[in-house]
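What follows is one structure encoded as structure tokens, with my remarks underneath.
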Amino acid sequence: MTQEPHGEAGAPQGPTESQHGDHNLDHTWAEARQAAFDAATPIPPGPVPLRQALGRRLARDVVALQDMPHYASSAMDGWAVNGSGPWIPVDPGTRLAPHQASPIATGGLIPPGAKAVLRTESALLGKDDEGLPILRTGGSARPGEPRAGEHIRKAGEEALAGDVLVKAGVDLNPAHLALAAVAGHDELYVQGKPVVRLVLTGSEVVEQGTPAPGQVRDTFGPQLPGVVAMLGGIPGGSQRIGDSYAEWLAALEDVVPEAPDARGQPADVVITTGGTGRSGTDHLRRAVAELGGRLLINGVAMRPGHPAVLAELPDGRFVLGLPGNPLAAMMALSTVGAPLLAALGHAAMPPVQEVPCGTMIEPDPGRTRLMPFRLLFGMASPAQHTGPGMMRGLASADGVLVVPPHGVQLGEPVPAFPLPWGPPIPPPEAPAKAKPRTARTSQPKGKPAAAGPVDWSALLG
């Protein structure tokens, strides 16, 4: 089952792992994050097409493969000329002898023999005494126009072959890509990023319209590709399957991504939804074992998101199993998926910082609770509408509180992390420092002293 409207995020449904006696095998929240980060090594750099390089970190300098521009060209629409005027017009591209001219457009190749370009608005085309075409300066022409080399963009004027145009280490922007194209590049060598394929499960899920009783609307399809990209992954397509073991096994065996933006590479990470429980209809662990994989994280002592699973297959792919509950899945993705994708993509561990708690939160021994929160007057208070299956509270949250098992007192600092789509959590405001007293005490109380020169004229007369 993919998207449970109730279950793990709320009251336990059926026997829990602690009731089975293996709750002690779960990672703590902090252990799970660190285990996911430590499990992966950064993906080596490699070439990608220019269209796919936007936002990627450059791993090798971009150098000019030829002079830029690689030929002398006209900077204006007008006439390529040789010598002083008047000039005899000849066909475009013809080698120009002294006192000859040929029409040229901006960016056009300067013909052999040309010494300058006369702008269209500075040229007058007429006839000589014998009725033959003749070109003269006129219109808005300045005295002495055109001077030698005027309005000609010389070869190599912007860069010479071999010049470094963009240094390694920058995050590529659109201007970088345009410059690389001008320099002759079709691909750029960038730091590796993980390709992530999604396996969405559940025969009861509908992708459009209002679901009937017994059905649930797909929340993962519209959401997960965007979140994966925000976390540093490359969405590599998705596949929807039913709930049978055969479908699970076939989906995890398939290493060929369907999406063109994955560049034909197999996925580095497969994210599944649902199937992480312990019932006979939950097949993730069995399918991983059948394929020879090993479990790296087999449950996390947290709520929601407890059944999260991280496994590694023999071919090097990671399988991240998210619970079917939408809120629990997002918490598991933030806990396990974010560190995993960061490590694969050469990034640091996602930050966690403390914020003062705006309420008292009771203890819940044995597990960490993840609570979407709103910042009110600089303090974090749990958001409303965060019950089982609810996404409303997360949609309006400023971040997520990481509430330790022993609970939190009012005003006590509590760890928190930002949401992938939100701004960083602002640091707590530092208490204002008392200003030192000065010898001058004539300034009226509550009124700041004037800065800079003082105008005393109001006191005269």
Response to the item:
Scoring only Lys, Arg, Asp and Glu (+1, +1, -1, -1) among other residues with Cβ under 11 Å from the Cβ of VAL402 yields +1
Worksheet item: How much net charge surrounds ALA159 when only the other residues with a Cβ under 13 Å from the Cβ of ALA159 are counted, with Lys and Arg +1 and Asp and Glu -1?
Response: -3
Worksheet item: Using the beta-carbon distance between LYS127 and GLU157 and R0 = 30 Å, what value does 1/(1 + (r/R0)^6) give for FRET efficiency, to the nearest 0.05?
Response: 0.20
Item to complete: Just check region 353-417 against the gyration tensor rule for me: Cα atoms, a ≥ b ≥ c as the square roots of the eigenvalues, rounded for a/c under 1.5, and otherwise prolate or oblate depending on whether a/b exceeds b/c.
Response: oblate
Discussion item. Using the basic label-point model (7 angstrom from Cα toward the beta carbon), what is the GLU204 to THR41 distance in nanometres?
Written reply: 4.4
Worksheet entry | Residues with amide H under 5 Å from that of LEU296, placed H, sequence gap 5 or more | LEU310, ALA311, GLU312
Practice prompt. Using R₀ = 22 Å, calculate the FRET efficiency as 1/(1 + (r/R₀)^6) where r is the Cβ-Cβ separation of THR106 and ARG142; round to 0.05.
Written response: 0.70
Fill in: Radius 13 Å from Cβ of ASP38, net charge of other residues (Lys, Arg +1; Asp, Glu -1)
-1
Item to complete: Assign unit charges at the C-beta atoms only (+1 for Lys and Arg, -1 for Asp and Glu), then state the dipole size of region 43-154 relative to its Cα centre in Debye, rounded to the nearest 20.
Response: 680
Worksheet item: Distance in nm between label sites at ALA175 and GLU187, each 7 Å beyond Cα in the beta-carbon direction?
Response: 2.8
Item to complete: Specify which residue in the list VAL408, LEU394, THR359 is farthest towards the positive end of the charge dipole of region 353-417, using unit charges on the beta carbon of Lys, Arg (+1) and Asp, Glu (-1), about the Cα centre.
Response: LEU394
Practice prompt. Calculate one ³J(HN,Hα) per residue across region 32-43 by plugging θ = phi - 60° into the Karplus curve 6.51 cos²θ - 1.76 cosθ + 1.60, and present them in order as whole Hz with x for glycine and proline.
Written response: 5, 4, 5, 5, 5, 5, 6, 6, 10, 10, x, 5
Worksheet item: Where the centre of each part is set by its Cα atoms, how far does region 291-322 sit from region 95-146, in angstrom?
Response: 74
Item to complete: For GLN353 and LEU291, compute 0.36 nm times the residue count separating them, minus their Cα-Cα distance, and round to one decimal in nm.
Response: 18.4 nm
Worksheet item: Hey, rough spin-label estimate for ALA246 and VAL164, points 7 angstrom out along Cα→Cβ, what's it come to in nanometres?
Response: 5.9
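Read-outs throughout are calculated quantities, based only on the coordinates presented, and are distinct from any laboratory measurement. On a predicted model such as this, the values are computed, not experimentally measured, just so you know. Here the Cβ is made from the backbone with ideal geometry for all residues, glycine too, and neighbour counts use every protein chain on show.
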